[in-house]
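Reading through the structure tokens given below for one structure.
FYI, it's all coordinate maths here, none of it is from the lab. Just so it is clear, the model here is predicted, and its values are computed rather than measured. Reconstructed Cβ throughout: ideal geometry from the backbone, glycine too, with neighbour counts over all protein chains shown.
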Amino acid sequence: MATSDVAATSEYAAIDPDAQLMLRVRADDAEAFEELVRRYQNRLLAIFQNMLGSREQAEDLVQEVFLRIFRARQSYTPDAKFSTWLFTIAHNVAKNAKRTKARRREVSVAGEDSGPMSANPLEQMAQAASGQMPTRQLDHLERAEMVKLAMETLNERQRLAVLLSKFEGMSYADIGAAMGLSTPAIKSLLTRARSNLRVVLEPYMHQGSRLSSAADIDSTDEDP
Amino acid sequence: MTGSTNPITSNDQELLVAYLDGELSPTESAAVEQRLSTDDEFRKLLRGLQEAWDLLDDLPHPTVGDGFTKTTVEMVAVRLSEDTDRAVVKAQQRGRWRVIATILATAAGLIAGFLVMRHQQQADDRALLTDLPVIERVDQYTQVDDIQFLESLANSELFVDNFEVEVSDDER
């Protein structure tokens, strides 16, 4: 191991409390492992649920991440932030899950009823923004649902990069380390993702402001 | 505020996103802020990016149920114990295969040894059989000094009848 690597290892072991916990896990400390689970379970759940949409599957994947962490404990070295290592594992777990899901879908694609929200979300949003969607239907599309649909227009990598940036506040360098990409690649990935989100959500934002303006006018009219 | 408007490039978008994410150096940030103060389109783009980003706060932030931590730790313990059991079974299977392989190798060695020895023995027998006519007449041959003389006698065919008689007597 090079001198700089040794320095980085001891640096993270000294400043990152989660890395310290993981070193205790490496020494088979069950309490330290439980504490790590407690610290990261909700964060992982949020990432997986927003990535995959299913709560049940997200919980399974959270457990899978912790299982992998425990299995890999003997080979753990604190040469990066613990969270970066954890989200690298989470990224791999999500990729595998997606691959498995895609394989299953190939088999059972015929006759699947995806319900009233089955159309391309981008088209739905454009429809909503252009006023072609009935107001009653638009009323049912909550803001959260619109944002969720907007997220679905992003590809897998863009979505994960957005979630790690938004939810975890991770730097480009850390996101790159977790996703196995360079910092410039993450910069460009996030630029495309955020530009897409702006384009997709902009009609809704305008629609929202038009609706609220109309409501303001109505309420003003009603006011004495 | 009104100001100049310059066409927005993809580089501008990247610059603004990096600015919002706090990924620019102080000098780069200052340059962006300078342009924001004068460029309407640039400012509009920043607002759009920021508003869309803020809307992501409405994404679900789910939390796990009460027993999730305990279930996870228990699940990990169970799976690891299964891993250990599997490793033990594999080691046992490997051990069993090693014993079988040793037995088979020993048997193959024994069979090969037996075959080699038998071949050796048969080779000796074959040599004896080949030499049998000579052995049977070795007393006669020892009375003749010159083998060439015997060959010339055989080639002259003078004793063919006697020989045949003798042979047929032997057979009888």
From the alpha carbon gyration tensor of segment B:68-132, can you work out the equivalent ellipsoid semi-axes (sqrt of 5 times each eigenvalue) and give them in Å, largest to smallest?
62, 5, 4
From the backbone phi of segment B:21-38, what are the Karplus-calculated ³J(HN,Hα) couplings (6.51 cos²θ - 1.76 cosθ + 1.60, θ = phi - 60°) in whole Hz, Gly and Pro given as x?
8, x, 9, 9, 6, x, 5, 5, 4, 4, 5, 5, 4, 4, 5, 4, 6, 10
Taking beta carbons within 10 Å but only from partner chains, what does the mean come to for residues B:12-21?
5
Theoretical gain in end-to-end length, B:D83 to B:A107 [0.36 nm per residue, Cα-Cα removed]
5.1 nm
What order, most packed first, do the peptides A:181-187, A:62-68 have when packing is the mean number of other Cβ atoms within 10 Å of each residue?
A:62-68, A:181-187
Assuming a ≥ b ≥ c are the square roots of the Cα gyration tensor eigenvalues, decide whether segment B:10-58 counts as rounded (a/c under 1.5), prolate (otherwise, with a/b larger than b/c) or oblate.
oblate
Which order do the peptides A:48-61, B:67-80, B:107-120 come out in when sorted by mean C-beta neighbours inside 10 angstrom, highest first?
A:48-61, B:67-80, B:107-120
Alpha-carbon Debye profile of segment B:30-82, log10 I(q)/I(0) at 0.19, 0.25, 0.29 Å⁻¹
-0.77, -0.92, -1.02
Under a point spin-label approximation (7 Å from Cα along Cα-to-Cβ), what is the A:A30-B:T130 distance to one decimal in nm?
8.0 nm
Stretchable slack from B:Q34 to B:Y141, in nm (0.36 nm times residue separation minus alpha-carbon distance)
25.9 nm
Peptide-level mean, for A:165-178, of C-beta atoms on other protein chains within 10 Å:
2
Output field shielding_mean for A:184-192 (other chain Cβ, 10 Å radius) holds 4
Each label point is 7 Å from the Cα along the Cα-to-Cβ direction; what then is the distance between the points at B:R98 and B:T63, in nm?
5.4 nm
Any of A:K98/A:K148; A:K101/B:K90; A:K95/B:K90 with alpha carbons more than 22 Å apart? Name them for me.
A:K101/B:K90; A:K95/B:K90
What do you get for Rg/Rh over chain B if you use C-alpha atoms and the Kirkwood form of Rh?
1.80
